[in-house]
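The values are calculated or read from the model by the stated rules, or taken from the named source; none is laboratory data. Note that this is a predicted model, so its numbers are computed, not measured. Here the Cβ positions follow ideal geometry from the backbone for every residue, glycine too, while neighbour counts run over all protein chains shown.
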Amino acid sequence: MTKALSIILLICILGGGIYFSKNYMKKGVSEGTPISEVVKSGKAKYGFESSFGPVSTDSKYIPVDYKIKLLEANNLDTNPIVKITCPNGVSGVYSQKGNGLVDKCNTSVPFVLFTKSSSNSQEYYLTLSFTNRATTTKVVTAQAMLGAKTIGTTTNSIASTLDKSVSTTTSMLKRNLTIGSSGDDVVILKSFLVTKGFLLTSSNNASSNFFGIETLDAVKKFQVSVSIVPADGYVGPQTRTIINATVK
């Protein structure tokens, strides 16, 4: 009797285990998850993913949202970094306090630039705004690293953001512009700066016809990129000539 009961009990246990396994696998804990890879560091596990953010209506830039997710521990025991690799003609800018727009392409982005999610304390976000000055789509690769280990690697295809309308109107920059200037030619200047990745359309005055501090900083960055000295933000004959020639 005892032997028979033991056999029945064993069958029930095995049957229940098979049922549980089938249902567990059917649900698939990792099925459909966007987390690229999990790497253990101490007691922490991390995930990394990227996705496209809302695209501006004028398609001046393409935002990509990067997310690092802490899967187990309550606190970060090691800070990850994200290596952004961009092909020629692509820039991915970040609005860094005190430094204006900073191109993060082909650099390592420190974790300190990520912002903790307001809805989930275990998730951290960073958005880069990409421009692609090539005529074809280019691929940007992001690799999240924890020391020598890879948390995950993502790729995003960045379509061309060339604004054809700018090339037909920039020749209207026929007067010198500086901080305090206003008019349609200031709008044209800003459109050019946005297209080139020196001014974000999300900035407070990107679409206005007023030449403010942000425009001044953007012009300075453009002047540095084309070796104009001094790079003082003043749009004089030399700067206007280069802008006009650049878009032809």
**Message:** I need the full set of residues from the stretch 30-87 which are modelled with pLDDT of 85 or more and among the acidic types (Asp, Glu), in order please.
**Reply:** 49, 65
**Item:** Members of the stretch 98-142 that are of a type in the set (Lys, Arg) and either touching a Cys at 6+ places or on another chain (Cβ under 6 Å) or modelled with pLDDT of 85 or more (or both)
**Value:** 104, 116, 138
**Message:** Looking at the stretch 198-224 only, could you name the residues that are modelled with pLDDT of 85 or more, loosely packed, with under 15 Cβ neighbours inside 10 Å and under 18 Å from residue 95 (Cα atoms)?
**Reply:** 213, 224
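Can residue 106 be described as surrounded by 13 or more Cβ atoms within 10 Å (Cβ to Cβ), more than 18 Å from residue 193 (Cα to Cα) and out of contact with any Phe, Trp or Tyr (no Cβ under 9 Å at 6 or more places or on another chain)?
So residue 106 passes the test.
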